[in-house]
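Below: the structure, in structure tokens.
Bear in mind these aren't lab numbers, they're just calculated from the coordinates by the rules spelled out. Because the structure is a prediction, the values reported are computed rather than measured. FYI the Cβ positions are ideal-geometry reconstructions off the backbone, even for glycines, and counts take in every protein chain you see.
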Amino acid sequence: MTHIIRGDDHKINTFKQIQIYEAMKWKVPSFAHIPLIHTIDGKKLSKRDKASTLNDYSKIGIMPDALRNYLLRLGWSYKDKEIFTLDESIKHFNLKGIGKSPSKLDISRILSMNEHYIKNIDENKLFDQFIRYCQLFKSEIKTDKKDKIKRSLTFLKNKAKTLEDIFNNGQYIIADEINFDQEDIKLIDDKAKKVILEFSKKFGKVDKLSKETLEPIVNEIIKSHETNFKGVGQPLRIALTGSKFGPGIYDIIISLGKTEVIKRLESKTFK
């Protein structure tokens, strides 16, 4: 052991420990004492605080590299650089770059860092980490649904700051039964049901699913029902996902596949 790096609250122990090393005729390591990590309120971080352990962050879907990068930059700097790979972290880290004041653990900055990694990581690696996250903290995703999630990651990750966000965004794919928002389902009135019925009929004749094949259908229904895009997209989104919020309607339809879309649109709920 060459270095002992710890919080500055341990300074008082150092002289006694050095004496033990010298008495045992061991080589005395280099001691470094760095400022403590504080909460956002400026109090000393303790085990009683929420999200004070690595597992706490794993549970909400913070990725290992993002947390490593955040903790590296917590009280340490290298030029104006913010994002560090593991190799860059090892190469550039030194004690001289550590500040003299306590750092504040800021969950908003952790989420921002995590969002950057979600957006920029290779999607195959993101998918692997997501599946592992679900196995540990959510539930096992069925094989056929894993394929749909993988194909849909490009848009499921768009507004995601955590792996949990991706899980929530993809619930309409993952869940076996649609969980309708009770307020949103009230928006499916007779007019909305007619929109759903007409789309279902026209959609059944489509062979290849793409924005190019779906957009003309939506435009026809907008014209025939004298409405706007929301007047078509919202009922379809509710029927297919259970909520008026979510990914773009074309992305939803393509990700579910023709068979599942028809099954959901022909539900008794919309008759």
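Of interest is the spacing of the C-alpha centroids, which for the range 195-232 and the range 127-151 amounts to 31 Å.
Computed from backbone phi, the HN-Hα couplings of the range 143-153 come to 4, 5, 7, 4, 4, 5, 4, 4, 5, 9, 4 Hz, rounded to whole numbers (Karplus: 6.51 cos²θ - 1.76 cosθ + 1.60, θ = phi - 60°; Gly and Pro given as x). For the chain, the longest principal axis of the C-alpha atoms and the axis of helix 123-137 are separated by about 80°.
Each residue, Ala175 and Gln17, gets one label point 7 Å from its Cα in the Cβ direction; the gap between the two is 5.1 nm. Treating r as the C-beta distance of Phe229 and Gln135 and R0 as 35 Å, the FRET efficiency rounds to 0.35. Taking label positions 7 Å along the Cα-Cβ direction at both Ile5 and Lys44, the computed distance is 2.2 nm, reported to one decimal. Mean separation of Cα pairs under 8 Å and 6 or more residues apart, divided by the residue count, gives the range 38-120 a relative contact order of 41 percent. If you take every DSSP beta bridge fully contained in the chain, what fraction is antiparallel? Give it as a percent rounded to 5. Just about 20 percent of them are antiparallel. Based on Cα contacts under 8 Å between residues 6+ apart, the chain shows a relative contact order of 15 percent. Once Rg/Rh (Cα atoms, Kirkwood Rh) is calculated for the structure shown, the corresponding label among [x] 0.96; [y] 1.08; [z] 1.17 turns out to be [z]. With contacts taken as Cα pairs under 8 Å at a separation of at least 6 residues, the range 184-270 carries a relative contact order of 39 percent. Farthest toward the positive end of the dipole of the chain, out of Ala23, Ala175, Gly42, is the Cα of Ala23, where the dipole comes from beta carbon charges about the Cα centre.
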